[in-house]
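Trainee: Take a look at this one; I'll ask things after.
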Amino acid sequence: MKMKLPPGFQSVVVVLTLVAPLFGAAAAGPAKVRLGTLAPKGSSYTKHLQVMGEQWRKATGGGALLTIYPDGAMGSEEDMVRRMRLGQLQAALVTTTGLSEIEPGVAGLQSMPKVYRSLDEVDFIAQKLQPMLEKRMEAKGFIVLFWSDTGFVRFFSKQPVIAPDDLTKTKLFVAASRPAEADIYRSVGCHPVLLEVADILPSLQTGLIDCVCMPPSIALAIQLDGMAPHMLDMNWVPLAGAAVVTKKTWDTIPPETQEAIRASARETGKLIKADGRRENLESIEAMRKRGLKVHTLTPELDSEWDQVVATSYPKVRGTAVPADIYDEVVSELKTFRAAKSK
(Lines give C-alpha, C1' and ligand atoms only; values in the text may rest on other atoms or scores of the structure.)
Protein backbone atom coordinates (compact mmCIF):
# COMPACT_ATOMS: atom_id res chain seq x y z
CA MET A 1 0.00 0.00 0.00
CA LYS A 2 1.41 3.43 -0.98
CA MET A 3 1.80 5.94 1.82
CA LYS A 4 0.36 9.32 0.96
CA LEU A 5 2.75 12.16 1.83
CA PRO A 6 1.34 15.31 3.46
CA PRO A 7 1.03 18.35 1.17
CA GLY A 8 4.37 20.13 0.70
CA PHE A 9 6.36 17.27 2.26
CA GLN A 10 7.88 16.30 -1.07
CA SER A 11 9.31 19.82 -1.45
CA VAL A 12 10.85 19.59 2.02
CA VAL A 13 12.48 16.29 1.11
CA VAL A 14 13.99 17.82 -2.04
CA VAL A 15 15.39 20.79 -0.11
CA LEU A 16 16.87 18.58 2.60
CA THR A 17 18.47 16.37 -0.05
CA LEU A 18 20.15 19.40 -1.63
CA VAL A 19 21.47 20.90 1.59
CA ALA A 20 22.50 17.65 3.28
CA PRO A 21 26.00 17.68 1.71
CA LEU A 22 26.52 21.18 3.11
CA PHE A 23 25.66 20.03 6.62
CA GLY A 24 27.98 17.05 6.11
CA ALA A 25 30.86 19.30 5.10
CA ALA A 26 30.26 21.55 8.11
CA ALA A 27 30.10 18.57 10.42
CA ALA A 28 33.40 17.29 9.06
CA GLY A 29 35.07 20.44 10.39
CA PRO A 30 38.17 22.16 9.01
CA ALA A 31 40.56 20.20 6.79
CA LYS A 32 43.41 18.58 8.69
CA VAL A 33 46.76 19.03 6.95
CA ARG A 34 49.85 17.18 8.16
CA LEU A 35 53.00 18.73 6.69
CA GLY A 36 56.46 17.17 6.75
CA THR A 37 59.81 18.88 6.24
CA LEU A 38 63.52 18.41 6.85
CA ALA A 39 63.72 21.97 8.20
CA PRO A 40 64.96 22.03 11.81
CA LYS A 41 62.52 22.77 14.61
CA GLY A 42 62.98 26.36 15.77
CA SER A 43 64.47 27.50 12.45
CA SER A 44 63.04 30.47 10.58
CA TYR A 45 61.46 27.99 8.16
CA THR A 46 59.36 26.24 10.79
CA LYS A 47 58.59 29.49 12.60
CA HIS A 48 57.09 30.93 9.41
CA LEU A 49 55.16 27.70 8.86
CA GLN A 50 53.73 27.95 12.38
CA VAL A 51 52.53 31.50 11.75
CA MET A 52 51.01 30.33 8.47
CA GLY A 53 49.24 27.52 10.32
CA GLU A 54 47.68 29.99 12.73
CA GLN A 55 46.45 32.06 9.76
CA TRP A 56 44.96 28.95 8.20
CA ARG A 57 43.11 28.15 11.41
CA LYS A 58 41.44 31.56 11.30
CA ALA A 59 40.75 31.52 7.55
CA THR A 60 37.25 32.13 6.28
CA GLY A 61 35.02 29.22 5.36
CA GLY A 62 36.07 26.99 8.23
CA GLY A 63 39.85 27.27 7.92
CA ALA A 64 42.31 24.38 8.06
CA LEU A 65 44.32 22.76 10.86
CA LEU A 66 48.03 22.52 10.05
CA THR A 67 50.31 20.13 11.95
CA ILE A 68 54.04 20.45 11.20
CA TYR A 69 56.52 17.56 11.42
CA PRO A 70 60.04 19.10 11.26
CA ASP A 71 63.53 17.57 11.51
CA GLY A 72 62.78 14.82 8.99
CA ALA A 73 60.36 13.15 11.41
CA MET A 74 58.49 11.80 8.39
CA GLY A 75 61.65 10.49 6.74
CA SER A 76 63.55 11.70 3.70
CA GLU A 77 61.95 13.97 1.13
CA GLU A 78 61.29 10.95 -1.07
CA ASP A 79 59.57 9.31 1.92
CA MET A 80 57.40 12.40 2.38
CA VAL A 81 56.26 12.33 -1.26
CA ARG A 82 55.47 8.64 -0.91
CA ARG A 83 53.53 9.31 2.31
CA MET A 84 51.52 12.03 0.56
CA ARG A 85 50.60 9.60 -2.20
CA LEU A 86 49.49 7.09 0.45
CA GLY A 87 47.48 9.71 2.35
CA GLN A 88 49.70 9.55 5.46
CA LEU A 89 50.77 13.16 4.88
CA GLN A 90 48.79 15.86 3.10
CA ALA A 91 51.58 18.37 2.50
CA ALA A 92 55.34 18.91 2.59
CA LEU A 93 57.95 21.64 2.36
CA VAL A 94 60.68 20.05 0.26
CA THR A 95 63.60 20.98 -1.97
CA THR A 96 63.99 19.97 -5.60
CA THR A 97 65.08 16.53 -4.35
CA GLY A 98 61.53 15.82 -3.23
CA LEU A 99 59.80 17.87 -5.91
CA SER A 100 61.63 15.99 -8.67
CA GLU A 101 59.91 12.82 -7.44
CA ILE A 102 56.70 14.49 -8.62
CA GLU A 103 57.91 16.51 -11.62
CA PRO A 104 61.50 16.08 -12.91
CA GLY A 105 61.43 19.49 -14.62
CA VAL A 106 61.76 21.19 -11.22
CA ALA A 107 65.46 20.24 -11.35
CA GLY A 108 65.99 23.14 -13.77
CA LEU A 109 65.58 25.54 -10.85
CA GLN A 110 68.62 24.07 -9.12
CA SER A 111 70.58 21.16 -10.59
CA MET A 112 72.73 23.12 -13.07
CA PRO A 113 76.13 23.87 -11.47
CA LYS A 114 77.49 27.38 -12.00
CA VAL A 115 74.81 28.14 -14.57
CA TYR A 116 73.18 30.75 -12.33
CA ARG A 117 75.53 33.67 -11.69
CA SER A 118 73.33 35.71 -9.35
CA LEU A 119 70.11 35.64 -7.35
CA ASP A 120 68.60 38.00 -9.94
CA GLU A 121 69.07 35.23 -12.50
CA VAL A 122 67.55 32.70 -10.10
CA ASP A 123 64.48 34.93 -9.69
CA PHE A 124 64.19 35.53 -13.43
CA ILE A 125 64.18 31.83 -14.32
CA ALA A 126 61.79 31.07 -11.46
CA GLN A 127 59.26 33.53 -12.88
CA LYS A 128 59.59 31.89 -16.29
CA LEU A 129 59.37 28.23 -15.22
CA GLN A 130 57.19 28.08 -12.12
CA PRO A 131 53.75 28.63 -13.75
CA MET A 132 54.41 25.79 -16.18
CA LEU A 133 55.80 23.54 -13.45
CA GLU A 134 52.74 24.21 -11.28
CA LYS A 135 50.45 22.99 -14.08
CA ARG A 136 52.52 19.84 -14.54
CA MET A 137 52.46 19.12 -10.81
CA GLU A 138 48.71 19.69 -10.54
CA ALA A 139 48.19 17.20 -13.37
CA LYS A 140 50.11 14.71 -11.21
CA GLY A 141 48.01 15.33 -8.13
CA PHE A 142 49.85 18.10 -6.25
CA ILE A 143 49.11 21.79 -5.69
CA VAL A 144 52.01 24.22 -5.15
CA LEU A 145 51.25 26.50 -2.20
CA PHE A 146 54.43 28.56 -2.52
CA TRP A 147 57.93 28.48 -3.99
CA SER A 148 61.06 29.56 -2.15
CA ASP A 149 64.83 29.27 -2.06
CA THR A 150 67.67 29.90 0.38
CA GLY A 151 70.24 31.33 -2.00
CA PHE A 152 73.35 29.45 -3.10
CA VAL A 153 74.92 26.39 -1.52
CA ARG A 154 78.65 26.20 -0.71
CA PHE A 155 81.22 23.43 -0.37
CA PHE A 156 82.25 22.73 3.24
CA SER A 157 85.24 20.43 3.69
CA LYS A 158 87.75 19.07 6.19
CA GLN A 159 90.65 20.16 3.98
CA PRO A 160 90.71 23.27 1.75
CA VAL A 161 88.87 22.94 -1.55
CA ILE A 162 89.86 25.82 -3.78
CA ALA A 163 90.70 24.47 -7.23
CA PRO A 164 88.61 21.88 -9.12
CA ASP A 165 91.37 19.32 -8.60
CA ASP A 166 90.92 19.69 -4.83
CA LEU A 167 87.31 18.54 -5.10
CA THR A 168 88.35 15.36 -6.90
CA LYS A 169 90.43 14.39 -3.85
CA THR A 170 87.45 14.52 -1.48
CA LYS A 171 84.79 12.00 -0.47
CA LEU A 172 81.79 14.12 -1.40
CA PHE A 173 78.33 13.70 0.11
CA VAL A 174 75.52 13.25 -2.42
CA ALA A 175 71.91 12.54 -1.41
CA ALA A 176 71.09 8.83 -1.70
CA SER A 177 68.12 9.59 -3.93
CA ARG A 178 70.28 11.34 -6.55
CA PRO A 179 72.36 8.66 -8.31
CA ALA A 180 72.27 10.69 -11.55
CA GLU A 181 73.96 13.57 -9.73
CA ALA A 182 76.60 11.17 -8.41
CA ASP A 183 77.28 9.98 -11.97
CA ILE A 184 77.82 13.58 -13.08
CA TYR A 185 80.32 14.17 -10.29
CA ARG A 186 82.12 10.97 -11.28
CA SER A 187 82.29 12.17 -14.89
CA VAL A 188 84.52 15.07 -13.79
CA GLY A 189 86.72 12.90 -11.57
CA CYS A 190 84.99 13.27 -8.19
CA HIS A 191 84.26 10.54 -5.65
CA PRO A 192 80.66 10.91 -4.46
CA VAL A 193 79.32 8.96 -1.49
CA LEU A 194 75.55 8.47 -1.52
CA LEU A 195 73.95 8.86 1.93
CA GLU A 196 70.79 10.09 3.61
CA VAL A 197 70.88 13.69 4.86
CA ALA A 198 70.54 12.40 8.44
CA ASP A 199 73.86 10.55 8.02
CA ILE A 200 75.97 13.62 7.18
CA LEU A 201 77.31 14.41 10.65
CA PRO A 202 78.00 10.79 11.71
CA SER A 203 79.73 10.16 8.37
CA LEU A 204 81.94 13.22 8.79
CA GLN A 205 82.92 11.94 12.22
CA THR A 206 83.85 8.50 10.91
CA GLY A 207 85.60 9.81 7.80
CA LEU A 208 83.18 8.19 5.37
CA ILE A 209 82.83 11.66 3.81
CA ASP A 210 84.92 14.80 4.14
CA CYS A 211 83.09 17.30 1.92
CA VAL A 212 79.46 18.49 1.92
CA CYS A 213 77.61 20.95 -0.29
CA MET A 214 74.82 22.81 1.53
CA PRO A 215 73.49 26.31 2.35
CA PRO A 216 75.56 28.11 5.01
CA SER A 217 72.42 28.70 7.09
CA ILE A 218 71.86 24.94 7.43
CA ALA A 219 75.58 24.38 8.02
CA LEU A 220 75.43 26.81 10.93
CA ALA A 221 72.27 25.23 12.34
CA ILE A 222 73.81 21.75 12.49
CA GLN A 223 77.30 23.08 13.42
CA LEU A 224 78.84 21.55 10.32
CA ASP A 225 81.79 23.93 10.50
CA GLY A 226 83.03 22.15 13.62
CA MET A 227 83.91 19.10 11.51
CA ALA A 228 84.31 20.76 8.10
CA PRO A 229 86.09 24.05 8.90
CA HIS A 230 86.78 25.13 5.28
CA MET A 231 84.27 26.78 2.94
CA LEU A 232 84.68 27.62 -0.75
CA ASP A 233 82.96 30.93 -1.43
CA MET A 234 81.59 30.03 -4.87
CA ASN A 235 78.00 30.10 -6.12
CA TRP A 236 77.46 26.44 -7.01
CA VAL A 237 73.69 25.96 -7.29
CA PRO A 238 70.72 27.66 -5.61
CA LEU A 239 68.76 25.53 -3.15
CA ALA A 240 65.18 25.81 -4.38
CA GLY A 241 62.05 24.25 -2.98
CA ALA A 242 58.30 24.53 -2.51
CA ALA A 243 55.44 23.71 -0.20
CA VAL A 244 52.96 21.36 -1.85
CA VAL A 245 49.64 19.81 -0.82
CA THR A 246 47.89 16.85 -2.39
CA LYS A 247 45.12 17.77 -4.81
CA LYS A 248 42.89 15.23 -3.08
CA THR A 249 43.14 17.24 0.14
CA TRP A 250 42.97 20.58 -1.65
CA ASP A 251 39.70 19.67 -3.36
CA THR A 252 38.03 19.06 0.02
CA ILE A 253 38.66 22.67 1.08
CA PRO A 254 35.94 25.25 0.26
CA PRO A 255 36.94 27.78 -2.46
CA GLU A 256 36.85 30.77 -0.10
CA THR A 257 39.16 28.95 2.31
CA GLN A 258 41.46 27.95 -0.55
CA GLU A 259 41.80 31.61 -1.49
CA ALA A 260 42.75 32.60 2.06
CA ILE A 261 45.20 29.69 2.35
CA ARG A 262 46.88 30.57 -0.95
CA ALA A 263 47.31 34.21 0.06
CA SER A 264 48.82 33.20 3.40
CA ALA A 265 51.08 30.60 1.81
CA ARG A 266 52.44 32.94 -0.84
CA GLU A 267 53.33 35.53 1.77
CA THR A 268 55.01 32.79 3.82
CA GLY A 269 57.08 31.76 0.80
CA LYS A 270 58.28 35.33 0.34
CA LEU A 271 59.27 35.58 4.00
CA ILE A 272 61.09 32.23 3.96
CA LYS A 273 63.03 33.25 0.85
CA ALA A 274 63.98 36.66 2.22
CA ASP A 275 65.07 35.20 5.56
CA GLY A 276 66.83 32.25 3.93
CA ARG A 277 68.93 34.45 1.68
CA ARG A 278 69.76 36.88 4.48
CA GLU A 279 70.60 34.07 6.91
CA ASN A 280 72.88 32.49 4.31
CA LEU A 281 75.12 35.56 4.33
CA GLU A 282 74.88 36.12 8.09
CA SER A 283 75.70 32.48 8.76
CA ILE A 284 78.99 32.71 6.89
CA GLU A 285 80.05 35.60 9.08
CA ALA A 286 78.89 33.84 12.25
CA MET A 287 80.90 30.73 11.37
CA ARG A 288 83.90 32.80 10.33
CA LYS A 289 83.97 34.34 13.82
CA ARG A 290 84.24 30.92 15.37
CA GLY A 291 87.00 29.69 13.08
CA LEU A 292 85.59 28.87 9.65
CA LYS A 293 88.17 29.49 6.93
CA VAL A 294 86.49 31.07 3.90
CA HIS A 295 88.34 30.61 0.61
CA THR A 296 87.57 33.07 -2.18
CA LEU A 297 88.31 32.54 -5.86
CA THR A 298 90.63 34.54 -8.05
CA PRO A 299 89.30 35.28 -11.56
CA GLU A 300 91.73 32.67 -12.90
CA LEU A 301 90.44 29.96 -10.54
CA ASP A 302 86.84 30.91 -11.23
CA SER A 303 87.52 30.48 -14.95
CA GLU A 304 89.13 27.09 -14.27
CA TRP A 305 86.00 25.97 -12.43
CA ASP A 306 83.84 27.16 -15.34
CA GLN A 307 85.88 25.12 -17.79
CA VAL A 308 85.75 21.94 -15.73
CA VAL A 309 82.05 22.25 -14.93
CA ALA A 310 81.22 22.92 -18.59
CA THR A 311 82.45 19.42 -19.45
CA SER A 312 79.63 18.02 -17.30
CA TYR A 313 76.81 19.92 -19.04
CA PRO A 314 76.20 17.32 -21.78
CA LYS A 315 75.56 14.81 -18.99
CA VAL A 316 73.47 17.22 -16.90
CA ARG A 317 71.21 17.87 -19.90
CA GLY A 318 68.77 15.00 -20.18
CA THR A 319 70.02 13.22 -17.05
CA ALA A 320 69.85 15.51 -14.03
CA VAL A 321 67.63 18.02 -15.83
CA PRO A 322 65.14 17.18 -18.62
CA ALA A 323 66.50 18.37 -21.98
CA ASP A 324 63.59 20.73 -22.71
CA ILE A 325 63.92 22.45 -19.33
CA TYR A 326 67.72 22.64 -19.59
CA ASP A 327 67.49 24.27 -23.02
CA GLU A 328 64.87 26.76 -21.85
CA VAL A 329 66.97 27.82 -18.84
CA VAL A 330 70.06 28.36 -21.01
CA SER A 331 68.09 30.26 -23.65
CA GLU A 332 66.28 32.50 -21.15
CA LEU A 333 69.52 33.31 -19.32
CA LYS A 334 71.13 34.40 -22.59
CA THR A 335 68.19 36.73 -23.18
CA PHE A 336 68.35 38.06 -19.62
CA ARG A 337 72.10 38.72 -19.79
CA ALA A 338 71.86 40.39 -23.18
CA ALA A 339 69.18 42.77 -21.87
CA LYS A 340 71.26 43.55 -18.77
CA SER A 341 74.33 44.37 -20.84
CA LYS A 342 72.59 47.05 -22.88
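The values are calculated or read from the model by the stated rules, or taken from the named source; none is laboratory data. Predicted model only: the values in this text are computed from it and were never measured. Don't worry about glycine lacking a Cβ; one is built from the backbone with ideal geometry, like all the others, and counts go over all protein chains shown. Each accessible area value is taken on the protein alone, full model and side chains, heavy atoms only, with ligands, DNA and RNA left out. Shrake-Rupley method; radii C 1.70, N 1.55, O 1.52, S 1.80 Å.
Trainee: Please work out the FRET efficiency for the pair ASP251 and ARG278, using the Cβ-Cβ distance as r and a Förster radius of 30 Å; give the result to the nearest 0.05.
Mentor: 0.25
Trainee: Sort MET132, MET74 by heavy-atom solvent-accessible area, probe 1.4 angstrom, most to least. Spell out each step's value before the answer.
Mentor: Numbers: MET132 50, MET74 30 Å².
Putting MET132, MET74 in descending order of accessible area: MET132, MET74.
Trainee: Hey, can you grab everything whose amide H is under 5 Å from the amide H of ILE209? Only 5+ residues off in sequence or another chain; H modelled, so Pro and N-termini drop out.
Mentor: Result for ILE209 returns LEU204.
Trainee: Leaving ligands, DNA and RNA out of it, rank LYS247, LYS140 by accessible area with a 1.4 Å probe, largest first.
Mentor: Order by accessible area, largest first: LYS140, LYS247.
Trainee: Round to the nearest 10 and report in Å² the accessible area of SER217, as given by a 1.4 Å probe over the protein chains' heavy atoms.
Mentor: Near enough 10 Å² of accessible area.
Trainee: Using a/c under 1.5 as the rounded threshold, could you call the chain rounded, prolate or oblate? The axes a ≥ b ≥ c are square roots of the C-alpha gyration tensor eigenvalues, and prolate needs a/b larger than b/c, oblate otherwise.
Mentor: Prolate.
Trainee: Another one. Multiply the residue separation of LEU201 and ALA339 by 0.36 nm, subtract the distance between their alpha-carbon atoms, and state the gained length in nm to one decimal. Mind showing how you got there, number by number?
Mentor: Working: separation 138, 0.36 × 138 = 49.68 nm, distance 4.39 nm.
Residue separation times 0.36 nm, minus the Cα-Cα distance, leaves 45.3 nm.
Trainee: Could you identify which residue out of PRO164, PRO314, PRO30 has the top mean-square fluctuation in a GNM of the chain using Cα springs shorter than 10 Å?
Mentor: The residue that fluctuates most here is PRO314.
Trainee: Just to be sure I understand: with springs between alpha-carbon atoms less than 10 Å apart, which residue in LEU271, LEU35, LEU239 has the highest mean-square fluctuation in the Gaussian network model of the chain?
Mentor: Greatest mean-square fluctuation among the candidates belongs to LEU271.
Trainee: So, one more: Quick one: ranking SER157, SER331 by accessible area, 1.4 Å probe, largest first, what do you get? Before the final figure, lay out the partial values.
Mentor: On the way: SER157 5, SER331 65 Å².
Listed by decreasing accessible area, they come as SER331, SER157.
Trainee: Could you size up the charge dipole of region 64-189 around its Cα centre, putting +1 on the beta carbon of Lys and Arg and -1 on that of Asp and Glu, and report it in debye to the nearest 20? Write down the numbers at each step before the final one.
Mentor: Working: 15 positive and 16 negative charges, 50 e Å.
Taking the Cα centre of region 64-189 as origin, the dipole is about 240 debye.
Trainee: Hey, which of these cross-link pairs are over 21 Å Cα-Cα: LYS128/LYS315; LYS32/LYS58; LYS47/LYS273; LYS273/LYS293; LYS128/LYS270; LYS158/LYS315?
Mentor: Values: LYS128/LYS315 24 Å; LYS32/LYS58 13 Å; LYS47/LYS273 13 Å; LYS273/LYS293 26 Å; LYS128/LYS270 17 Å; LYS158/LYS315 28 Å.
Distance filter (> 21 Å) returns LYS128/LYS315; LYS273/LYS293; LYS158/LYS315.
Trainee: Which of the peptides 333-342, 200-209, 318-327 is most tightly packed, and how do the rest follow, judged by the mean count of other Cβ atoms within 10 Å per residue? Display every interim value, and only then the final one.
Mentor: Values: 333-342: 10.7, 200-209: 15.8, 318-327: 18.2.
Packing order, densest peptide first, comes out as 318-327, 200-209, 333-342.
Trainee: For the chain, with only Lys/Arg (+1) and Asp/Glu (-1) charged at the beta-carbon, what is the dipole magnitude about the Cα centre, in debye rounded to 20? All intermediate terms of the calculation are to be shown ahead of the outcome.
Mentor: Details: 41 positive and 38 negative charges, 227 e Å.
Taking the Cα centre of the chain as origin, the dipole is about 1080 debye.
Trainee: Same structure again: With the Cα gyration tensor of region 214-327 in hand, convert its eigenvalues to equivalent ellipsoid semi-axes via √(5λ) and list them largest first in whole Å. Display every interim value, and only then the final one.
Mentor: Values: eigenvalues 245, 115, 26 Å².
For region 214-327, the semi-axes come out at 35, 24, 11 Å.
Trainee: Just going by the charge dipole of region 66-200, with Lys and Arg at +1 and Asp and Glu at -1 on Cβ, which of ILE102, ALA163, LEU86 is farthest out on the positive end?
Mentor: Farthest towards the positive end: ALA163.
Trainee: Next up: So, with +1 on the Cβ of K and R and -1 on the Cβ of D and E, and no other charges, what is the size of the charge dipole of region 238-320 about its Cα centre, to the nearest 20 debye? Let's see the in-between values first.
Mentor: Details: 14 positive and 12 negative charges, 47 e Å.
Roughly 220 debye, rounded to the nearest 20.
Trainee: Continuing with the same structure: Quote the Stokes-Einstein diffusion coefficient, in whole µm² s⁻¹, for region 85-188, based on the Kirkwood radius over alpha carbon pairs, a temperature of 37 °C and a viscosity of 0.692 mPa s.
Mentor: Values: Rh = 15.9 Å.
Taking Rh from Cα pairs, D becomes 206 µm²/s.
Trainee: Still on this structure, please answer the following. So, taking all protein chains as they sit and a 1.4 Å probe, how much accessible area belongs to GLU181, in Å² rounded to tens?
Mentor: Estimated to the nearest 10 Å², GLU181 gives 50 Å².
Trainee: Of all beta bridges DSSP finds with both residues in the chain, what is the antiparallel percent, to the nearest 5?
Mentor: Working: 20 of 39 bridges.
Roughly 50 percent of the beta bridges in the chain run antiparallel, per DSSP.
Trainee: At 1.4 Å probe size, with the rest of the protein present, what percent of the exposed accessible area of the chain is carbon and sulfur atoms?
Mentor: Working: 9600 of 16900 Å².
The value for the chain is 57 percent carbon and sulfur by accessible area.
Trainee: Which residues does a label at ARG117 reach in region 269-301, if reach means a backbone N under 17 Å from a point 7 Å past the Cα toward the Cβ?
Mentor: Inside the label zone: 297-301.
Trainee: Would you work out which of ALA64, GLY241, GLY269 lies farthest towards the positive end of the dipole of the chain, given +1 charges on the beta-carbon of Lys and Arg and -1 on that of Asp and Glu, about the Cα centre?
Mentor: Going by the charge dipole, the pick is ALA64.
Trainee: Name the residue from VAL316, ALA339, LEU281 whose Cα lies farthest towards the positive end of the charge dipole of region 277-342, charges +1 on Cβ of Lys and Arg and -1 on Cβ of Asp and Glu.
Mentor: Projecting each Cα onto the dipole axis, the largest value belongs to LEU281.
Trainee: Hey, quick one: spin label on VAL294, modelled 7 Å out along Cα-Cβ, who in region 218-253 has an amide N within reach, i.e. under 19 Å?
Mentor: So the set is 218-239.
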